[in-house]
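Sharing a structure below in structure tokens format, with a few things to ask.
The values are calculated or read from the model by the stated rules, or taken from the named source; none is laboratory data. Model, not experiment: these values are computed from the prediction. Positions of Cβ are backbone-derived with ideal geometry, glycine not excepted, and every protein chain shown enters the neighbour counts. All accessible areas refer to the heavy atoms of the entire protein, side chains included, with ligands and DNA or RNA removed. Shrake-Rupley method; radii C 1.70, N 1.55, O 1.52, S 1.80 Å.
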Amino acid sequence: MKQELDIAVTAKLLGALLYYPPSSEEVTPLLTFLKTEGWIRQWPYGSPEVLAESASLIAQGVNGSCTESVDEAFQRLFIGPYALDAPPWGSVYLDKESVLFGESTLSFRWWLDSNGIDPLNQNNEPEDHIGLMLMMTAWLAEQWPILLDELLEFHLLTWAPRYFELLKNTANHPFYQGVAKLGLVTLKGWQEQRDLVITKQQLYR
């Protein structure tokens with residue numbers, strides 16, 4: 001079904017960009033793709049104006065015109081050593097204590113286990129890392145679409161838009177600002193396309 005294909009392709013790309021370093025073998029070909037002028041015509045979500053803004057920022061970031069490289073920005077935004085302005089884990093937003101492996105992480109882990117799903121986790125990362133959850137979205141869209149809406153409504157879209165807003169506003173690097181803009185319009189597109197109802201939750205970041 002085209003809906004699931006669109007979600008799979010866009011979630012896989014966004015998830016990889018937010019989980020793997022830019023110089024990794026997973027992301028290098030994606031950067032090559034994002035350097036082409038026509039990719040925004042293939043992106044199924046967002047207005048031409050917003051996509052053009054995202055593409056311009058991404059191009060600025062990958063073309064080496066910044067004082068900080070994309071790899072250096074990834075290290076600062078996702079690894080540290082300093083506190084992360086936009087932490088990529090869901091429990092930081094959903095749990096009052098804003099901790100890793102919080103109650104929302106355990107709830108998501110239980111959901112995965114109860115459905116017999118092995119998390120796509122290679123580095124002992126909390127399962128609710130934004131990159132992992134987006135790649136899980138892609139996997140479900142391709143392999144198990146009956147569970148896709150449940151993942152989006154109850155585990156991802158409750159907090160991910162807030163994450164992308166924070167990333168957009170605090171990244172201080174055009175590449176990740178562009179990715180954040182792209183993420184926001186893509187999540188909105190998924191929600192509208194599938195008529196999802198997201199229960200408003202208290203967010204702590």
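Please give the solvent-accessible surface of Lys2 in Å², to the nearest 10, using a probe radius of 1.4 Å with every protein chain present.
130 Å²
Considering the chain as a Gaussian network with a 10 Å cut-off on Cα pairs, which listed residue, Arg76, Arg109, Arg41, attains the greatest mean-square fluctuation?
The residue with the greatest mean-square fluctuation here is Arg41.
By how many nm would the segment from Tyr82 to Gln191 grow when fully extended, if each residue of separation counts as 0.36 nm and the alpha-carbon distance is taken off?
35.9 nm
Another question, then. Just to be sure I understand the model, the point goes 7 Å from the Cα along the line to the Cβ. What's the resulting Leu106 to Lys2 distance in nm?
4.5 nm
Using the heavy atoms of the protein chains and a 1.4 angstrom probe, tell me the accessible area per residue for the range 95-148 in square angstrom.
54 Å²
From the helices alone, meaning DSSP H stretches of at least four residues, give me the mean residue ellipticity at 222 nm for the chain, per-run term -39500 (n - 2.57), in deg cm²/dmol to the nearest 500.
-17000 deg cm²/dmol, from helical runs alone.
Expressed as a whole percentage, what fraction of the accessible surface of the chain belongs to carbon and sulfur atoms when a 1.4 Å probe is rolled over the protein heavy atoms?
51 percent
Dipole of the range 40-165, Cα-centred, from +1 at each Lys and Arg C-beta and -1 at each Asp and Glu C-beta, to the nearest 20 debye?
Here the size comes out at about 180 debye.
To the nearest 10 square angstrom, what accessible area does Tyr20 show with a 1.4 Å probe?
Here the accessible area works out near 40 Å².
Also: Ordering Met1, Met135 by how much accessible area each has at a 1.4 Å probe, largest first, what is the list?
Greatest to least solvent exposure: Met1, Met135.
Between the range 19-70 and the range 98-116, how far is it from one alpha carbon centroid to the other, in angstrom?
Value for the Cα centre distance between the two parts: 31 Å.
Running a GNM on the chain with Cα contacts under 10 Å, which residue among Ile58, Ile130, Ile117 ends up with the highest mean-square fluctuation?
With Cα springs under 10 Å in the chain, the top fluctuation among Ile58, Ile130, Ile117 is at Ile117.
Run through the range 87-128 and list the GluC sites (Glu not before Pro) located in a DSSP loop whose Cβ has at most 10 other Cβ atoms within 10 Å.
Glu97
Here is a follow-up. Restrict the search to the range 33-136; then list the chymotrypsin sites (Phe, Trp or Tyr not before Pro) that DSSP places in a loop and that have at most 11 other Cβ atoms within 10 Å of their Cβ.
Those satisfying the criteria are Tyr82.
Now, a different point. Ordering Leu34, Leu84 by how much accessible area each has at a 1.4 Å probe, largest first, what is the list?
These residues rank, largest area first, as Leu84, Leu34.
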